[in-house]
Every structure is written in C-alpha cells, then in structure tokens.
1. So which residues in the range 1-50 are β-branched (Val, Ile, Thr) and either in contact with a Ser or Thr (Cβ under 9 Å, 6 or more places away or on another chain) or at pLDDT below 85 (or both)?
2. Among the residues of the range 114-166, count how many are among the basic types (Lys, Arg) and either out of contact with any Lys or Arg (no Cβ under 7 Å at 6 or more places or on another chain) or in contact (Cβ under 8 Å) with a residue 60 or more places away in the chain (or both).
3. Of all residues being hydrophobic (A, V, I, L, M, F, W, C) and closer than 18 Å to Glu171 by Cβ in the range 61-79, which is surrounded by the fewest Cβ atoms within 10 Å (Cβ to Cβ)? Just the residue, please.
4. Only one of these conditions is not met by Glu98: (1) among the acidic types (Asp, Glu); (2) at pLDDT below 95; (3) in contact with a Ser or Thr (Cβ under 6 Å, 6 or more places away or on another chain). Which number is it?
5. When only residues in the range 80-90 that are among the polar types (S, T, N, Q) and closer than 21 Å to Glu191 by Cβ count, which is surrounded by the most Cβ atoms within 10 Å (Cβ to Cβ)?
6. Residues that are over 15 Å from the mean Cα position of the chain (by Cα) and surrounded by fewer than 15 Cβ atoms within 10 Å (Cβ to Cβ): which helices (runs of 4 or more DSSP H) entirely in the range 103-194 hold 2 or more of them?
7. Is it the case, given these coordinates, that Ala189 is in contact with a Phe, Trp or Tyr (Cβ under 6 Å, 6 or more places away or on another chain), modelled with pLDDT of 95 or more and farther than 21 Å from Thr81 by Cα?
8. Can you tell me which residue within the range 195-206, out of those that are open to solvent by 40 Å² or more (accessible area, probe 1.4 Å) and touching a helix residue (DSSP H, G or I) at 6+ places or on another chain (Cβ under 6 Å), is modelled with the highest pLDDT?
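The values are calculated or read from the model by the stated rules, or taken from the named source; none is laboratory data. The shown structure was predicted, so the numbers you read here are calculated from the model rather than taken from an experiment. Cβ sites come from the backbone with ideal geometry, for glycine too, and all protein chains shown count toward neighbours. Accessible surface is based on the protein model in full, side chains and every heavy atom, while ligands, DNA and RNA are left aside. Shrake-Rupley method; radii C 1.70, N 1.55, O 1.52, S 1.80 Å.
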Amino acid sequence: MTADPAAPRSGRTPRLPRTARRFQLLGAAREVFVAQGYHAAAMDEIAERAGVSKPVLYQHFPGKLELYLALVDEHAEKLVTSVREALDSTTDNQLRVERSIRAYFDFVNDPSGAHQLVLESDLRSEPAVRERIEDAFAQCVRSIAATIAADTGLTQDEADLLAVGLVGLAETCSRWWLVRGGTVSSERAIETMSELAWHGIGGYPRA
C-alpha cells in the first residue's frame with residue numbers, strides 16, 4: 001500500500017494507532033525524500049510535515065536511513081508485484097510483453113514521484129539501498145525469465161538474458177519518456193515499445 005499524502009504542516013495530528021501513524025509518517029517522508037533527495041532531507045522537516053514531534057518519528061524509525069529503506073522496500077515491492085500481475089493476467093505472450101512494459105510506465109508516472117526512490121536513488125552507494133534496488137530488478141527479471149523459459153524451451157541463461165533486455169528496455173524508456181515530459185502520449189509510448197520488444201522476443205517459438 002502506498003502512503004497517502006501527509007498531513008498539513010500546521011498543528012499536531014491527533015493520536016493514531018501505530019499502523020496508521022507509520023503509514024502517515026511514510027507519506028511525509030516520501031514527499032521530502034522525493035523533493036530533496038536523501039542527503040538534503042532532514043528528520044526535522046519530515047516530522048513537521050507529518051505534524052508530529054521528532055520523538056514520535058524516532059519511535060517508529062530509529063534513523064533517516066531506516067525510514068528511507070522502509071520506503072524503498074514499499075515501492076520496490078509495488079513494482080515487482082505489478083510486473084508479476086502483468087505476467088499472470090493472461091496467457092497471451094504479446095499481451096504479457098505489453099502489460100509488463102505498462103507496469104513500468106505506470107510506476108514512473110505515479111504523481112507521487114516515488115519511482116525515484118527505486119529507479120533513481122541518490123543513495124546507491126549505501127549497501128542496504130543498493131541491495132534492495134538490485135533485488136527488485138532481479139525479481140522482475142526472474143519472473144519474466146521463468147515465463148520465457150517455459151514457453152520457448154530456451155536455457156535458463158538465455159531466458160535470463162532476454163528478460164534483462166526486456167526489463168532494461170521498459171525501465172530506461174519509461175524514465176526517458178517521463179523526463180521528456182510526455183511529448184508522446186503514454187499509450188502511444190507503451191504501444192511503440194511493446195511493438196519493438198515483441199518483434200524481437202516474439203520470434204522465439206513456443207516449446
């Protein structure tokens with residue numbers, strides 16, 4: 001579940017159950033980290049944006065890194081789940097390609113900007129962050145590779161390589177599309193990238 005926008009800055013928020021408070025704090029932290037990046041973000045500002053005291057924030061997260069990691073975990077899982085749902089939604093492989101690419105476009109096009117935490121993190125030098133980001137990439141690759149291997153009879157290594165290519169295409173093109181400000185409509189961009197990918201991978205025979 002993605003955290004809702006944080007509470008207004010003014011005043012303190014009422015007492016909330018622990019789960020609800022954590023949800024609220026993650027929403028505030030996401031806004032600050034996306035706007036400022038990890039290094040410029042301050043726990044003071046996150047607490048203020050959430051409308052709580054710093055001690056309340058530290059009751060839930062012992063430090064800024066732990067708070068950041070919780071957000072990376074949340075949104076990396078969201079992306080992986082979207083890709084897996086795209087693969088499971090049909091047995092038509094052309095549609096699987098299109099829906100997998102769409103999962104990336106939808107992920108980067110979320111108004112929250114949370115994709116930056118997973119695909120454009122400014123903290124990849126931190127081992128714990130890098131491990132989570134690389135694991136999300138690997139999970140998407142494994143899910144796609146399993147489908148490719150099952151339907152084509154290719155070796156696992158060959159299926160992995162094709163899956164890496166598909167994930168790389170989806171991630172790079174969706175981010176480029178966003179940076180360009182959507183000069184091509186999302187639907188047309190997804191259609192174009194899906195056609196490109198399918199003309200390549202669609203040539204492999206089913207096992």
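1. Selection gives Thr2, Thr13, Val34.
2. Residues flagged as among the basic types (Lys, Arg) and either out of contact with any Lys or Arg (no Cβ under 7 Å at 6 or more places or on another chain) or in contact (Cβ under 8 Å) with a residue 60 or more places away in the chain (or both) within the range 114-166 amount to 2.
3. Checking each candidate, the answer is Ala76.
4. It is condition (2) that Glu98 fails.
5. If we take residues in the range 80-90 being among the polar types (S, T, N, Q) and closer than 21 Å to Glu191 by Cβ, then Ser82 is surrounded by the most Cβ atoms within 10 Å (Cβ to Cβ).
6. Values: elements: 115-119, 127-152, 156-179.
Those helices (runs of 4 or more DSSP H) span 127-152, 156-179.
7. Here the answer is yes, as Ala189 does meet what is asked.
8. Trp198
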